[in-house]
1. Work out the FRET efficiency for residue 153 and residue 241 from their Cβ-Cβ distance, taking R0 = 25 Å, and round it to the nearest 0.05.
2. Which order results if 101, 132, 162 are arranged by neighbouring Cβ count within 10 Å, fewest first?
3. Could I have the simple spin-label model distance between residue 283 and residue 185, label points 7 Å from Cα toward Cβ, reported in nm to one decimal?
4. Calculate the length of the line joining the C-alpha centroid of the stretch 108-182 to that of the stretch 206-272, in whole Å.
5. What list of whole percents do you get for P(r) of the stretch 212-287, with Cα-Cα distances grouped in 10 Å bins up to the one holding the largest distance?
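We did not get these values from a lab; they are worked out from the coordinates using the rules stated. As the structure is a computational prediction, the values presented were derived from the model and not from experiment. When we count neighbours, we look across all protein chains shown, and the Cβ atoms used for this are built from the backbone with ideal geometry, even at glycine.
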């Protein structure tokens, strides 16, 4: 570098500059700093931007932008209104939920008219169920058959015969467990679901609208569970205890004595020998009709 007019020989300009700095005042130092910054090379500025601590700040900024973009994409994909289907691809309407079934126990029909309901338990039986069906057809009567799942598996043809004759089915459990009301809820669920599956499998999916507890042993939990599975709890009004085989005359007398408008009559076509019940039914059906009663299904 060339010496200035006031620079002594042998001293370069940098040395003079240091001497100048040491003798300069604050204003002169500030002016000198601004001039240096103004002429600082552009490469030096870029190098500082890409070196710590600036590089860390840029990294955090880019990562934040990427994270926000990912969140927005996720929200867009999960938003049902973000991709509204066209008219050609309209969403199917959800199926209507069935009306809830009452858990109130049916003991009689809600009428004061001369209407009664016949029910038959513990079948189907290969001998007695067909005879009962023949008598009902003869008098143009209907009845509800409370079937045991294990029997339905043994005689699926009889289940179909009952349905084809215009009768209704009632779930009477799988094994006729008279202590079912005291069982834990999972055991109750299994018993009811399996019995309904057995009946529907035999009868091509026909709905099962009722449930009757074995022995009439009910609990609130059992009633609510039946309703939850779409079945009305079904009791009775008249019980001639035909299952005990007291004799045909006693069965007939008990029904005549107890029947009233709206009565639900309990009889058995299975669970043992039911020849007395069939014989009693031969007498009861014409008597009921002569008394002005009409036979119908439980409400």
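1. Details: r = 28 Å, r/R0 = 1.11.
After rounding to 0.05, the efficiency reads 0.35.
2. Values: 101 17, 132 27, 162 30.
Ranking 101, 132, 162 by Cβ neighbours within 10 Å, fewest first, gives 101, 132, 162.
3. My value for the distance between the label points is 4.8 nm.
4. With the stretch 108-182 and the stretch 206-272 each reduced to a Cα centre, they are spaced 10 Å.
5. Computed distribution, short to long bins: 18, 42, 28, 12, 0.
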